[in-house]
Amino acid sequence: MNDRIRTDVAHNARVWNYWLGGKDNYPVDRAVGDQVTAFYPSIGEVARADRAFLGRAVTHLAAEAGVRQFLDIGTGLPTADNTHEVAQRVAPDARIVYVDNDPIVLTHARALLTGTPEGRTEYVDADAHDPERIVAAAAATLDLSRPVAVMMLGILNFVLDTEEARSIVRTLMAAVPSGSYLVLTHPTLEPELGGEGNKAAMAFWNENATPPITARDRAEFVSFLDGLDVLEPGVVSCARWRPASAAGHTVAQFGAVGRKP
Ligand SMILES: C[S@@+](CC[C@H](N)C(=O)[O-])C[C@H]1O[C@@H](n2cnc3c(N)ncnc32)[C@H](O)[C@@H]1O
């Protein structure tokens, strides 16, 4: 086993995998996952809605916007419909760079590197707090003179300082040209999305698991999209972003896609 992997403390990538119905998790992850669910019963629905948003956003960008390059930061453990599978289903020549800093995701990265022969998938073991390193590593696979979809789904919530989170986004979006996109999801306590119940769950998480998490309100989430043209329907619950049917529940996770003008 990779000696960076700790089985005595719950890790976000593994608990997220548990909530999504995966098997790549340890007893400590399942125990914390169940306790968070007791505080906040819709967390599993949030995780599934976030993944479904990923599928719709990537399909839109590949099929309608012609994007052929994706930089997916905070990838998570391989699951159904990973970014390269969704993108390469539409565009077999799509290139994807995955980035995560969790040792268990690194261990499973091989399962992410199964792309088409026409396209490319790469995995970079790097920390979102070091966007310059991410840009430099991505440039080995992506042509940064052509549009890139920068994807940060459920990860800026682990950058606790909001100004630092904005600065990370600015650095990444400055490295890609006009016509690039930012795809974001982020948990919130906003009552309009039914997020109040998540407060106790996040407090519990921060005492019992890693890395520490924070929620953001609408204004903070919108500030990450500063300078970008936000696609319709704007900043909404990720479950409400171009849903396949009107039946989906609102979940307390903002979702949006912005285009660099
Ligand atoms: C909630 S999961 C989201 C996974 C996937 N993006 C999704 O939406 O299903 C967050 C992921 O971000 C990763 N992560 C957390 N902090 C990170 C950091 N500072 N740098 C890189 N990855 C990080 C975790 O390891 C985890 O895999």
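Can you name every residue in the stretch 129-141 that is under 19 Å from the mean Cα position of the chain (by Cα), more than 11 Å from the ligand (Cβ to nearest atom) and either part of a strand (DSSP E or B) or surrounded by 14 or more Cβ atoms within 10 Å (Cβ to Cβ) (or both)?
In the first step, residues of the stretch 129-141 are kept if they are under 19 Å from the mean Cα position of the chain (by Cα); the result is 129-135, 137-138.
Next cut, more than 11 Å from the ligand (Cβ to nearest atom) only: 132, 135, 137-138.
Matches in the stretch 129-141: VAL135, ALA137, ALA138.
Only a single criterion out of (1) at pLDDT 95 or above; (2) within 19 Å of ALA138 (Cα to Cα); (3) buried (at least 22 other Cβ atoms within 10 Å of the Cβ); (4) within 15 Å of the ligand (Cβ to nearest atom) is not satisfied by GLN69, namely (4).
Look through VAL159, VAL169 and report the one residue that is within 22 Å of PHE221 (Cβ to Cβ), in contact (Cβ under 8 Å) with a residue 12 or more places away in the chain, more than 10 Å from the ligand (Cβ to nearest atom) and of a type in the set (A, V, I, L, M, F, W, C). Result of the check over VAL159, VAL169: VAL169.
Among residues of the stretch 75-86 that are more than 17 Å from ALA149 (Cβ to Cβ) and modelled with pLDDT under 95, those with a Cβ under 7 angstrom from a residue that is within 9 Å of the ligand (Cβ to nearest atom) and among the hydrophobic types (A, V, I, L, M, F, W, C), sequence gap 6+ or separate chain, pair up as THR79/LEU20.
Residues that are buried (at least 19 other Cβ atoms within 10 Å of the Cβ) and not small (Gly, Ala, Ser) within the stretch 38-52 comprise TYR40, ILE43, VAL46, ASP50, ARG51, listed in sequence order.
Considering only residues in the stretch 92-128 that are part of a loop (DSSP other than H, G, I, E, B) and of a type in the set (A, V, I, L, M, F, W, C), the one that is surrounded by the fewest Cβ atoms within 10 Å (Cβ to Cβ) turns out to be LEU113. For VAL67, the stated conditions hold: it is within 27 Å of ARG242 (Cα to Cα) and β-branched (Val, Ile, Thr).
Of the residues that make up the stretch 154-164, is at least one closer than 26 Å to VAL9 by Cα, surrounded by 14 or more Cβ atoms within 10 Å (Cβ to Cβ) and hydroxyl-bearing (Ser, Thr, Tyr)? Checked the stretch 154-164: at least one residue is closer than 26 Å to VAL9 by Cα, surrounded by 14 or more Cβ atoms within 10 Å (Cβ to Cβ) and hydroxyl-bearing (Ser, Thr, Tyr).
Residue by residue through the stretch 244-261, note down the ones that are assigned to a loop (DSSP other than H, G, I, E, B), at pLDDT 95 or above and surrounded by 15 or more Cβ atoms within 10 Å (Cβ to Cβ). Spell out the reasoning first.
From the stretch 244-261, those assigned to a loop (DSSP other than H, G, I, E, B) are 244-252, 260-261; that's our starting set.
Restricting the remaining residues to those that are at pLDDT 95 or above gives 251-252, 260-261.
Listed by number, the residues that qualify are VAL251, ALA252, LYS260.
Please go through the stretch 196-240 and give me each residue that is assigned to a helix (DSSP H, G or I), in contact (Cβ under 8 Å) with a residue 60 or more places away in the chain and touching a strand residue (DSSP E or B) at 6+ places or on another chain (Cβ under 6 Å), ordered by number. Break it down stepwise before answering.
Let us first name the residues in the stretch 196-240 that are assigned to a helix (DSSP H, G or I), namely 198-208, 218-223, 238-240.
Filter again for in contact (Cβ under 8 Å) with a residue 60 or more places away in the chain, leaving 198, 200-201, 204-205, 208, 223, 238-239.
Selection gives CYS238 alone.
If you check GLY55 against the conditions, is it under 14 Å from the mean Cα position of the chain (by Cα), among the small types (Gly, Ala, Ser) and either surrounded by fewer than 19 Cβ atoms within 10 Å (Cβ to Cβ) or more than 11 Å from the ligand (Cβ to nearest atom) (or both)? Spelling it out, GLY55 is indeed under 14 Å from the mean Cα position of the chain (by Cα), among the small types (Gly, Ala, Ser) and either surrounded by fewer than 19 Cβ atoms within 10 Å (Cβ to Cβ) or more than 11 Å from the ligand (Cβ to nearest atom) (or both).
Go through VAL15, VAL32, VAL46 for me and flag whichever is under 22 Å from GLU207 (Cα atoms) and more than 19 Å from the chain's Cα centre (by Cα). Let's see the steps before the verdict.
Numbers: VAL15 fails: more than 19 Å from the chain's Cα centre (by Cα); VAL46 fails: more than 19 Å from the chain's Cα centre (by Cα).
Among VAL15, VAL32, VAL46, only VAL32 is under 22 Å from GLU207 (Cα atoms) and more than 19 Å from the chain's Cα centre (by Cα).
Filtering the stretch 241-261 to residues that are out of contact with any Ser or Thr (no Cβ under 6 Å at 6 or more places or on another chain), touching a residue at least 60 places away in the same chain (Cβ under 8 Å) and among the aliphatic types (A, V, I, L, M) leaves ALA244, ALA256, VAL257.
The values are calculated or read from the model by the stated rules, or taken from the named source; none is laboratory data. Source: prediction; values computed, not measured. Positions of Cβ are backbone-derived with ideal geometry, glycine not excepted, and every protein chain shown enters the neighbour counts.
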